[in-house]
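The values are calculated or read from the model by the stated rules, or taken from the named source; none is laboratory data. Treat the numbers as computed from the prediction; the structure is a model and nothing was measured. Cβ placement follows ideal geometry from the backbone for every residue including glycine, while neighbour counts extend to all protein chains displayed. Protein only, heavy atoms only, side chains kept; ligands, DNA and RNA dropped before computing areas. Shrake-Rupley method; radii C 1.70, N 1.55, O 1.52, S 1.80 Å.
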Amino acid sequence: DRKIINKDDYYDFLSKNNFLITSFDNKTINQKINDLLMKNPKIIVIETGAGLINLFFVPKKILERIKIILLNPTLWKIKKSRIYKIFEVLQIKPNFINCKSIIKTSNLDKINNPYIINLESLKEELNT
């Protein structure tokens, strides 16, 4: 299953940079949107995946003032994916952090393999 190998370092990095770590698992779409509106983030760091579809339900005015940084495992080839179409439809240009995929299976589902977040790249992206 897809997971972040350096998750502890990643969470530590986010905490040190005053990010609030939030999970939207097991929440309704209304709860997700309300949480987002209440927190009023300037930056969102988000994992590539089906959860990005939730962005369709966030008012465009809100999305336009948020810098979106997308964690992009190298095997996803995100710009060729249906997920990237979400950003095109919403007319949002996310910033990408390419993350090294670690292939642990030989099956066809290589995109769901673990990956390592390049924290240096994330740091640089936050400073731009």
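For the chain, carbon and sulfur atoms together expose 51% of the accessible surface, with a 1.4 angstrom probe and every protein chain in place.
Using just the Cα positions, wrap the chain in a convex hull and report its mean projected area in square nanometres, one decimal place. Don't skip to the answer; put the middle values down first.
Numbers: hull surface 32.1 nm².
Projected over every direction and averaged, the Cα hull of the chain covers 8.0 nm².
The trypsin sites (Lys or Arg not before Pro) of segment 4-58 that DSSP puts in a loop, and whose beta carbon has at most 16 other beta carbons within 10 Å, are Lys27, Lys42.
Just tell me which lysines come within less than 21 Å, Cα to Cα, of Lys7; anything on the same chain fewer than 8 places away is out. Here the lysines satisfying the reach criterion relative to Lys7 are Lys16, Lys100, Lys104, Lys110, Lys123.
Scanning residues 5 or more positions from Cys99 or on other chains, those with amide H under 5 Å from its amide H are Asn72, Thr74, with H placed 1.01 Å from N in the peptide plane. The label point for Asp25 and the one for Lys77, both projected 7 Å from the Cα toward the Cβ, are 2.9 nm apart. Computed on protein heavy atoms with a 1.4 Å probe, the accessible areas place Thr128, Thr74 in the order Thr128, Thr74, largest first. If you line up the long axis of helix 7-16 against the longest principal axis of the chain, both from Cα atoms, how many degrees apart are they, to the nearest 10? Approximately 30 degrees, to the nearest 10.
Where both bridge residues fall in the chain, DSSP classifies roughly 15% of the beta bridges as antiparallel.
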